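Following: one structure in C-alpha cells, then a few remarks.
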Amino acid sequence: MADESPSAIDDLTGEYRLDPTHSRIGFAARHAMVTKVRGTFKQFDGKLYIDGQQPSKSSVEMRINMASIDTGEEKRDVHLRSADFFGVDDYPEMVFRSTSIEGDKTQFKITGDLTIRNTTQPVTFDLEYTGSAKDPFGNLRAGFEGGGQLNRKDWGLTWNAPLETGGLLVSEKIGLEFDISAIKS
C-alpha cells in the first residue's frame, strides 16, 4: 500500500488551523545574567494559509492569551501578568499577523506585525517546514519549527531590577520558540 501522506510543501496548499494540543509557543529570557528562564503560553489559536507552489503568497495569524503564561513558578507568572510586564487585565492578547513570507519551501523568513500591550512592531522569525502526515483521524497535518529574538523594550516592557554585582535581573532580549502542528481545514 502506498503512503498517501504528502511529503513536500508543494502538496499542502490550503487553509490550516493551529492545533494547540500538539503545538508549543515558548520563550526564554536571561535571568540574573547567569541563566535562562523558559516558559510557554498555554492558550493560543491561529490560522495559516499555505501556498505550496508560491510560499510568498502564504500567511499566518496568531493570537496568544497572555494570562496563560507559564514559567513553572506561580509567583513569577503573577508578576509577568501584572502591569509591570504584560498587564493582562488591560491587554489580554498578543497578536501576530504576517506581512511577508520568503523561503525555499523548507526554510522561511516570516515577517509581520507583533502587537503586545497595544504596541505594534515589525518582527521576523525563522521557520522550518518539518514535514506533513495524515493522522489516524484523517486530518492532514503540517509541522513547523523555529523562532527568533526580540527586544522587549520595543513593546514598552521595561520593568527591571539592578543586581548588587552589576547588570539587571531580566534581559532585554527574549528568545521565542515555535513548535507548530497545523491541521488542514
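Where a number appears in this text, it was derived from the coordinates with a stated rule and is not lab data. Since we're looking at a predicted model, the values are computed, not measured. All Cβ positions, glycine included, derive from the backbone under ideal geometry; neighbour counts span all protein chains shown.
A compact globular protein would have a Cα radius of gyration near 2.2 N^0.38 Å; the ratio found for the stretch 50-169 is 1.31. Using only side-chain charges placed at the Cβ, +1 for Lys and Arg and -1 for Asp and Glu, the dipole size of the stretch 9-184 relative to its Cα centre rounds to 120 debye. When both the stretch 164-185 and the stretch 42-79 are represented by their alpha-carbon centers, they are found 12 Å apart. Available extension along the chain between T111 and E128 is 4.7 nm, counting 0.36 nm per residue and deducting the alpha carbon span.
Distances between placed amide hydrogens fall under 5 Å for S58 paired with D51, all partners being 5 or more residues away or on another chain. The residue list N139, L114, T35 was ranked by how far each Cα lies along the charge dipole of the chain toward its positive end, using unit charges on Cβ atoms, and T35 comes out on top.
Between the amide H of Y91 and any residue lying 5 or more places away or on another chain, no distance stays under 5 Å, with hydrogens modeled in the peptide plane. The relative contact order of the stretch 9-184, computed from alpha carbon pairs under 8 Å that lie at least 6 residues apart in sequence, is 25 percent.
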